[in-house]
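As structure tokens, the structure follows; a few thoughts come after it.
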Amino acid sequence: MPIVEILPDSVSVQVKAGTSLLTAATTNGVELMHSCGGIGACTSCRVAILSGQDHLSSIGTAEREQLQESGILETHRLACQAMVYGDVVLQRPRWRTSLDAPVTGD
Ligand code: FES
């Protein structure tokens, strides 16, 4: 079964092939934003793919357009749209958790 490693949390999860990156994260204690509920309409679930891009499902037209508009097509996927078929390492955005925390959101 594929392994998804999630940074910066250093969480590694084993998932059934065909599981979305969003499900892999959220069912294993890593919260990813998913404002549209996982229908591929908001890009809040975007994650940087550090390795294993070829182990993800093909990118669809709508996802491609959204990532292209955001200028992150070459480096990111929408976690709700990318299904896992092999080992993947991803970096999730770090959102502000307090007024003192830095915001990256990339
Ligand atoms: S949750 Fe909205 S695009 Fe993935």
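Laboratory data are not the source of any read-out in this text; all were calculated from the coordinates shown. A quick note: this is a predicted structure, and the numbers were derived from the prediction, not measured. A quick note on method: Cβ atoms are made from the backbone with ideal geometry, for glycine too, and the neighbour counts reach across all protein chains shown.
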Beta bridges per DSSP with both ends in the chain, % antiparallel, nearest 5: 75
Given the C-alpha atoms of the chain, compute the convex hull and give its volume per residue in Å³. 95
Would you mind finding the longest exposed-site-free stretch of the chain, with exposed trypsin sites (Lys or Arg not before Pro) meaning DSSP loop and at most 13 other Cβ atoms within 10 Å? 17-95
Environment charge at residue 69 (Cβ cut-off 14 Å; Lys +1, Arg +1, Asp -1, Glu -1): -1
At residue 9 and residue 33, where each label point lies 7 Å from the Cα along Cα→Cβ, what is the point-to-point distance in nanometres? 1.6
